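Visitor: This is the structure I have questions about; it appears just below.
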Amino acid sequence: MEVVALRRAWLPYVLAALMLAVAYGIVGRISLWLALPTGYATVFWPPSGLALAGILIGGPRVWPGIWLGSLMVNIGPAFDSPDAAVLLTSAASAICIGGGAAGQAMVGASLVSRCVGFPNALTHGREIVAFFALGGPVGCLISATVGATTLAISGWIPWEMYPIQWGTWWVGDILGVLVFAPLVLSWLAEPREIWRRRRVSVAVPLVGALALAVIIFGYARAQEWYRLRFIFEGQAKDLTQSIRTRLDDYLEVLHGIGSFYTTPSEMREQALHRFVQRSFARRLALQAVVWEPHFSCAQQASDDATQGQGYLGFQLVAQNPDGPLTRQVWRSRSIADTSIVLYAKSEEELAFDLASAPGYHEALRQARDTGQPTASGRLTLAQSSIRQFGLVVSLPIYDLGLPHAAAERRLQSLRGYVTGVFGIEDMVEAALQGMESKDIVLSIEDEMASADQRMLYDGRGRGMAASQFAPAREPGEDPAGMHWRTTVELAGRRWGLHFTPTLEYLAARQSLQPWALLGGGLVFTSLLGGFLLIVTGRTTVRASMVNRTAQIEASRRLEAAAEQRQREAEVLAELARSINHGHDVTIVLQQVTDRAKELCNGDGAALALCEPATAVAVIRYWAGMPYRGYHGVRIEPGRGIGGLVLATGCPFRTVHYTRDPRLSQEYLPIVQAGHAVGVLVVPIRIAECVSGLLYVGTKQPRRFTGHDEAILQQLADHAAIALHKAHLNAVAEQRRQTAESLAQVGRLLSQSLNSHEVGQQIVDSIQKLLQTRRAVLYQLEPTSGMLVALAARNDFRPAASPWRTVPPGMGAVGLAVRTRQPVVTADILTDPRITLPAAVRASLEPTPIRAVLALPILRDGLVIGALSIGDESDRIYDEEAIALARLFADQAATALTNAQLYAEVHSARERLQNLSRQLLEAQEAERRRIAHELHDEAGQMLTSVHLALADALTRLPPRFRGGFHQVRAHLDDIEAQLRRLSHELRPTILDDFGLLPALQFFVRGVTARTGLDISMNSSIEGRLAPHIETALYRIIQEGITNVTKHAAATHVQLELRRDGPMLHALLQDDGVGFAVHPGVHRKGPRGLGLLGIQERVEALGGTLQIISAPGQGTTLHITLTAETRETSRRAEGT
């Protein structure tokens, strides 16, 4: 918990520090536009004022925000250089400068807090002067000292510029504090009320003066910038022209040397030697000159080579495969690879390998093909005294001096190439010598070379050190933001020249006029800010005194109003509690009336409620005035002040009731009797409908205020809530009773098929819920079309009941049945739609029933009955009553439908059982006939066969009689089988002795045949009905037969018992068992046996329960109605 509390305590300071850092960074970046040409100090630094105000407002804990903001402003230039040392130096400098800015704000805020005190409104001149002095000149010494010292130590500025940088830094911070700190304090400082008043009087003039100074500075600086750029571009153009002239001069040297090879050879040696020496002496960039002859035949090459070797100091050299240059014999080549070094500054130049120059061979080919001088790419002159970049220029020489236009003729007249090796840095330095190029950085690039071979010369270094420099800055990357580009052509190569002025160049030519204008404007703005603070401080003090007095008076009025509001809140809360606690609505409405008189300071109050069926409001409650004539007054819409509110739904008030021309005079006597003069009335709205009126009156003329109307409307709203809640409670209670009644009817429908019982419950519920005098449920007789009362309820006893049976089309019920639509009438005797015979009309007149609601009861679009509800003449059946009646009509339809369906199903079930019984009886009769024929006729025939066989045996010799004894045995077996079949088809013992002896005989026979152990227990006494005994015998016979065939059982238990009117038979075996559902429904003998048992049981109205599982045996539980033989005989007689 302590850690969480600590985090929450530090969170506001962290957020404040981050916001201060962002603001510092943004303002600082914008302020850099005002920097001097050196780019490190500005004459106006608003972040210093922002930092001081931030510490004063947010406290010392926000100082990291100042450091972070300063770091954001100064760390950017550190990433402009790829050098790690420069990067670390820039980062360290930014960190130190940020620390100085944060320290300055901390010290300045500490001095101001101790000597002036803060929070402070700065309303006195002494406080304002002390604030500016301590926060400005004194506090700003820290950041200027730390910043200027850091820049000097890190090498960003020379120590000679330290005083200027320190002074500019200090002045810029002072002006930032004097101008920007009051702006920030006017928006954020405490006391907020006093500083808020200064936002317009101080902030607006300061911002205006500052904007004017910045605009003037911006204009002057732009003019100064254009002037400097004009001077710089003029010097750059002069330097470019000098370089271009110097390059042309070096090409002229090659042309001069080449001209010697077009003259006779006897005049060439001495003149060429002198010309080359003079050229090397005057042109330091010329490192070597090489003659590269081109011969078409070996003999001419040999002659010229011999002559060439006779030149003073000239050498015939060529590149060996191993690398060094050696004297060689000329060979015929289309491109010469044998060179005559005409002159070299040193032996190192003599050993120079021209083939190593980038693009050298390509330059020779291009010179041969074009006839123009061609330069190679950049090469490194390692042999020169100063390591620098150089290039090779080859000039083709022809026999007649000028090249032919045709390439073939030009190649035939080609004598060779004069190739010069030039040092680029020496050429540039020679061209710039004597020119005003100090503090202008020149970089030269070969625009036709690849990216890594483009740099030829960088004015920031000399020799090979130039390769270590980064390329010249792009526009916008140089510190001055100024540059100029151009190109020059040299022997087919295009060089790009980029001139950039240094800060020293701009500083030497910079005019301080823009910054003088800016400084003067900022000084004026600072003085204006101090003056405005002093003036507004005095004005604020006086205004504070006046405001304080007004606040005291206002506080007194507010206290009185607060007490009134508190009382109003207490009254409203009391009413809300009364409503929430469910107090009686009459008590709540009387409280509303009493509190209306109290809170509106009236002499009396009244509350009127609208009648449900009309728009008339009746006064029900009053308070204050002793006159009782208000009670029961009916307010008609549009009449009187209350009638206007009823008609418009808007509050209405009058100063003098009797003199107000807007009000009608219908209720003037009542108003005068009650001495009401000033009256205020508001509506009581429920669901956007006016449900009542709330009055407040005075005995004297009074102009009611909007607050009086508002509080009275709130009381009226509470009255509306109480009325609405009472209505909702009544509706909820009715719906609860409706739900309970419907649920009770539903339960009765699910439990009983007695339509009379259900219908009586329906009419009882309708009479109770709708509070009617009468309710009748009719059932339509399909044959006669008469409506017969199934159930009725009424709270009176008429002499006759004319509605018990209704002919078709008579009365409201007949009309509803004919039209199949609900019929609602306010008076059944006068409604022209309703037909009533004279006798029925006469019998209805003594009854109180006049208003009637009749609904048809439909099933599948057919009328099966009707529901009639009657009440007294003033009863109006609304949509809610009709909907409720429909619900019970639907329940009645279900009851009538269920009763009809039950009757149909019951009749069909009885017919099916009779048919099943007749079928079983027919089967038993047929069995009896077959058994009789087998027993009597077949038995007599077998007896005749026995007698005939015996007679035949007596006439046969004794030796033939042995074979006939086996025939007699077979005849005895056949006779025994016939007797058994006859007994199984219809055992006579069942008819003669009953069920138990027949079962015992059957069990003994099965045991004798199969060896199955069958035990039998019975508690039945007496004989049962014949069809019951036959059915049980057949069921048990089929069950035991199934056991012997399929169960593989060893023991069977048979139990018969009687339980009241029910008879139970239980047949259980210990066989293999089976899955009940597949066993019952599958096809096959066993399935058919069980199906036959089930059909016999259902035919007698009994039940069959099969309990079995694989490996657990099978149990058959049969339940039948125990009908005795005597009962069956009586039923047959009946």
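The values are calculated or read from the model by the stated rules, or taken from the named source; none is laboratory data. Everything numeric in this text was worked out from a predicted model, so none of it was measured. We place every Cβ from the backbone using ideal geometry, glycine too, and count neighbours over all the protein chains shown.
Visitor: If I go through segment 671-696 residue by residue, how many of them are surrounded by 14 or more Cβ atoms within 10 Å (Cβ to Cβ) and in a strand (DSSP E or B)?
Guide: 16
Visitor: As an exercise: evaluate LYS699 against (1) surrounded by fewer than 19 Cβ atoms within 10 Å (Cβ to Cβ); (2) within 50 Å of the chain's Cα centre (by Cα); (3) touching a residue at least 60 places away in the same chain (Cβ under 8 Å) and give the number of the one condition it does not meet.
Guide: Among (1) surrounded by fewer than 19 Cβ atoms within 10 Å (Cβ to Cβ); (2) within 50 Å of the chain's Cα centre (by Cα); (3) touching a residue at least 60 places away in the same chain (Cβ under 8 Å), the lone unmet condition for LYS699 is (2).
Residue-wise test of (1) in the same structural domain as VAL788 (by TED's automatic domain parsing); (2) at pLDDT below 80; (3) aliphatic (A, V, I, L, M).
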site: VAL682; (1), (2), (3): no, no, yes
site: CYS689; (1), (2), (3): no, no, no
site: LEU693; (1), (2), (3): no, no, yes
site: SER750; (1), (2), (3): yes, yes, no
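Visitor: Out of ALA1099, ALA1031, ALA1048, report the one residue that is in the same structural domain as GLN1112 (by TED's automatic domain parsing) and at pLDDT 80 or above.
Guide: Every option except ALA1048 fails the conditions.
Visitor: Continuing with this model, one more query. Scan segment 131-184 for residues that are over 22 Å from GLY521 (Cα atoms), touching a Ser or Thr at 6+ places or on another chain (Cβ under 6 Å) and part of a helix (DSSP H, G or I) and jot them down.
Guide: THR150
Visitor: Hey, does segment 982-1000 have a residue that's modelled with pLDDT under 80, of a type in the set (Lys, Arg) and within 30 Å of LEU949 (Cβ to Cβ)?
Guide: So far as segment 982-1000 goes, yes, one or more of its residues are modelled with pLDDT under 80, of a type in the set (Lys, Arg) and within 30 Å of LEU949 (Cβ to Cβ).
Visitor: Among the residues of segment 400-416, which ones are modelled with pLDDT under 70 and touching a Lys or Arg at 6+ places or on another chain (Cβ under 7 Å)?
Guide: Listed by number, the residues that qualify are PRO403, HIS404.
Visitor: OK, next. I need every pair where a residue in segment 170-182 that is closer than 12 Å to PRO137 by Cβ has its Cβ under 7 Å from the Cβ of a residue that is at pLDDT below 80 and polar (S, T, N, Q), sequence separation at least 6 or different chains.
Guide: As it stands, the answer is LEU175/SER526; LEU178/SER526, since those pairs meet every condition given.
Visitor: If LEU210 meets every condition in (1) at pLDDT 75 or above; (2) in contact with a Gly (Cβ under 9 Å, 6 or more places away or on another chain); (3) buried (at least 18 other Cβ atoms within 10 Å of the Cβ) apart from one, which number is that one?
Guide: With respect to (1) at pLDDT 75 or above; (2) in contact with a Gly (Cβ under 9 Å, 6 or more places away or on another chain); (3) buried (at least 18 other Cβ atoms within 10 Å of the Cβ), LEU210 is out only on (1).
Visitor: Okay, moving on. Can you name the residue in segment 121-131 that is touching a residue at least 60 places away in the same chain (Cβ under 8 Å) and crowded, with 21+ Cβ neighbours inside 10 Å and, of all such residues, is nearest to TRP45 (Cα to Cα)?
Guide: ILE128
Visitor: Test THR830 against the criterion of being surrounded by fewer than 19 Cβ atoms within 10 Å (Cβ to Cβ) and either without any contact (Cβ under 8 Å) to a residue 60 or more places away in the chain or not aliphatic (A, V, I, L, M) (or both), and give yes or no.
Guide: In short, yes.
Visitor: Considering every residue within segment 897-915, establish whether at least one is more than 55 Å from the chain's Cα centre (by Cα), outside any helix (DSSP H, G or I) and at pLDDT 70 or above. I'd like the intermediate steps shown before the answer.
Guide: Keep residues of segment 897-915 that are more than 55 Å from the chain's Cα centre (by Cα), which gives 899-915.
Pick out the ones that are also outside any helix (DSSP H, G or I) and you get none.
No, there is no match, as no residue in segment 897-915 is more than 55 Å from the chain's Cα centre (by Cα), outside any helix (DSSP H, G or I) and at pLDDT 70 or above.
Visitor: State the number of residues belonging to segment 631-666 that are hydroxyl-bearing (Ser, Thr, Tyr) and either buried (at least 19 other Cβ atoms within 10 Å of the Cβ) or outside the structural domain of THR705 (by TED's automatic domain parsing) (or both).
Guide: First, pick out the residues of segment 631-666 that are hydroxyl-bearing (Ser, Thr, Tyr): 648, 654, 657-658, 664.
Retained after the next criterion (residues that are either buried (at least 19 other Cβ atoms within 10 Å of the Cβ) or outside the structural domain of THR705 (by TED's automatic domain parsing) (or both)): 654, 657.
Residues that pass the stated criteria total 2.
Visitor: Could you list all residues from segment 568-599 that are touching a Leu at 6+ places or on another chain (Cβ under 7 Å) and farther than 19 Å from TRP622 by Cα?
Guide: Passing the criteria: only GLU568.
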